[in-house]
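This report refers to the structure that appears directly beneath it.
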Amino acid sequence: MSYPLLPRQGFPDAAGAPAQPGSLDKPSSAPPSGGAPKVTTPVDVSQYVNDPCGLTPKATISRLGMSTRPKVTDSGHRNDGKPNRLCQWGASGTQHGVTVSLLGMGLDAQYRKQKLAHYYETFGPVTVDGYPAVKTTERRGERRSIRTIGLNDRESANIQVTADSPTAAKKTTDATASATMDTVRSGGK
C-alpha cells in the first residue's frame, strides 16, 4: 500500500504557505483541515525514515514474544523519493505480529480519510503518552489493532498488531506504541 504524502520542504503546505526549513521543530500556526488535534510538542523523526525498526526497542519486541530479527519491506515511495519502509516482527508458530512504519503524513490525513471515505469500521481519538493518536480497526472484532500517532505536522507513526484475540491485539498495540514514543521523545537514546 502506498501512502500519500504532504509536500517536501520548501513546497506549499496544506494551508498554502511555503514550508520552512526546520519547521518540524515548531508547531505550525495553520489549523489542521481534517479535525486532528494539534501536536503541541512536535518531534523530528527523520532519522527513522530509512530505519523504522529503530523506533521500537528490541527489549519491547522480545517481551512481547516476537523475534527480534525484523523483516523490512518497502511499500511505495514518499514525496522525498525514499521508500516507505515497514518494519515487521512476528512470533514463531503464530499469527501474532507487529508492524511499525512512518507514514510520511501528519495525523490529520487519517482524519481526512475517515471523514471523506469512512475508511475504518472503528475510529477513535486517543493519546499515546501525551501525543494525539487514533485507534482504528478495519472490521469489528478482528484480531488486528492499529494506532496512528501524530509526531509533527508532516509525520505520524503507524503501529499495526495482529494477535490471537482483539484484547491481545490492543494490549500489544498499547505496549508497542508507548515504547515507540519513549524512543521518539529520547531521540533514540
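Structure above, values below:
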{"item": "Residue among Gly124, Gly76, Gly104, Gly93 that alone is part of a loop (DSSP other than H, G, I, E, B) and under 21 Å from Arg154 (Cα atoms)", "result": "Gly104"}
{"item": "Residue match in the stretch 154-170 (condition: outside any helix (DSSP H, G or I), touching a Leu at 6+ places or on another chain (Cβ under 7 Å) and of a type in the set (Lys, Arg))", "result": "yes"}
{"item": "Qualifying residue in the stretch 61-73 (condition: surrounded by 18 or more Cβ atoms within 10 Å (Cβ to Cβ), modelled with pLDDT of 85 or more and not in a loop (DSSP other than H, G, I, E, B))", "result": "yes"}
{"item": "Any hit, the stretch 89-97, residues being crowded, with 19+ Cβ neighbours inside 10 Å, among the aliphatic types (A, V, I, L, M) and in contact with a strand residue (DSSP E or B) (Cβ under 8 Å, 6 or more places away or on another chain)", "result": "no"}
{"item": "Residue among Tyr131, Tyr120 that alone is farther than 16 Å from Gln160 by Cα and either among the acidic types (Asp, Glu) or under 17 Å from the mean Cα position of the chain (by Cα) (or both)", "result": "Tyr131"}
{"item": "Any hit, the stretch 152-163, residues being closer than 20 Å to Asp44 by Cβ and among the acidic types (Asp, Glu)", "result": "yes"}
{"item": "Residue within the stretch 6-29 that is at pLDDT below 50, under 17 Å from the mean Cα position of the chain (by Cα) and not aromatic (Phe, Trp, Tyr) present", "result": "yes"}
{"item": "Top-ranked residue of the stretch 37-83 - restricted to ones that are on the phi > 0 side of the Ramachandran plot and in contact (Cβ under 8 Å) with a residue 24 or more places away in the chain, ranked as farthest from the chain's Cα centre (by Cα)", "result": "Gly65"}
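The values are calculated or read from the model by the stated rules, or taken from the named source; none is laboratory data. A quick note: this is a predicted structure, and the numbers were derived from the prediction, not measured. Here the Cβ is made from the backbone with ideal geometry for all residues, glycine too, and neighbour counts use every protein chain on show.
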